[in-house]
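Here the structure is laid out as structure tokens; the discussion comes afterwards.
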Amino acid sequence: KIWLSEIMLQQTRVKTVIPYYQRWVNAFPNINSVAMASTESLLKMWEGLGYYARVRNFHFACQIVMNQYSGKVPDSAELLLTLPGVGPYISSAIMSIAFHRSVPAMDSNALRVVSRLKTMGGSLFVRKKKILGVLSDIICNQRLRAPTTDLYASIGNFTNIALSQYFRPFNHAPATSD
């Protein structure tokens, strides 16, 4: 379900995804049901979300998971990345949420914001590599101490640590009444 939600949320607002997600999970409650479904039935259920290659890739990936991994989502980033439609962000999200691995999951929008805040030069690929390196360092050095069950506190701690310890301080001018 984590994998499905991450795929649905690509290029789509949460408010839009919720009813689609609920209908999908009712119709296709597990990987086997997706793998066994016809492409047409999956496309019909997806209708309105757009980016139909996502559902085709998900369908094919679920078939691979059933055939090659006995119906269990691989618990290694390297194996996840071999599945159709699974890129670095989805792989990291699955690894960190489903398997509780300490890997940064940062989407392209967040990477762009951080790189702009840091006024980083170079290609997005180079900036992404630098930012993910810093985030991996933070996570792997266990600088986050919030319990994983307190997601919002973890995110808050992570943001505070990343911004205060690893990124240039921001100079905020006091608000004026002008």
Please work out if K72 is under 27 Å from S102 (Cβ atoms), of a type outside the set (S, T, N, Q) and open to solvent by 60 Å² or more (accessible area, probe 1.4 Å).
yes
Would a scan of region 51-68 turn up a residue that is surrounded by 15 or more Cβ atoms within 10 Å (Cβ to Cβ) and among the charged types (D, E, K, R)?
yes
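Consider E78 carefully, then state whether it is acidic (D, E), assigned to a helix (DSSP H, G or I), open to solvent by less than 70 Å² (accessible area, probe 1.4 Å) and closer than 30 Å to K130 by Cα. Step through it out loud before you land on a result.
On the way: acidic (D, E): yes; assigned to a helix (DSSP H, G or I): yes; open to solvent by less than 70 Å² (accessible area, probe 1.4 Å): no; closer than 30 Å to K130 by Cα: yes.
The answer is no for E78.
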Enumeration of residues in region 40-75 that are part of a loop (DSSP other than H, G, I, E, B) and free of Cβ contacts under 8 Å to residues at least 60 places away in the same chain:
E47, G48, L49, G50, Y51, Y52, Y69, S70, G71, K72, P74, D75
Output for Cβ contacts, cut-off 6 Å, separation at least six or different chains, first residue modelled with pLDDT under 95 in region 13-39, second assigned to a loop (DSSP other than H, G, I, E, B), reads Y20/L49
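So, E6, is that one acidic (D, E), under 19 Å from the mean Cα position of the chain (by Cα) and surrounded by 14 or more Cβ atoms within 10 Å (Cβ to Cβ) or not? Outline the logic, then answer.
On the way: acidic (D, E): yes; under 19 Å from the mean Cα position of the chain (by Cα): yes; surrounded by 14 or more Cβ atoms within 10 Å (Cβ to Cβ): yes.
Here the answer is yes, as E6 does meet what is asked.
The values are calculated or read from the model by the stated rules, or taken from the named source; none is laboratory data. Small disclaimer: the values here were computed from a predicted structure and weren't measured. Neighbour counts run over all protein chains shown; Cβ positions are idealised from the backbone, glycine included. When the accessible area is computed, the model is the full protein with side chains, heavy atoms only, and any ligands, DNA or RNA have been set aside. Shrake-Rupley method; radii C 1.70, N 1.55, O 1.52, S 1.80 Å.
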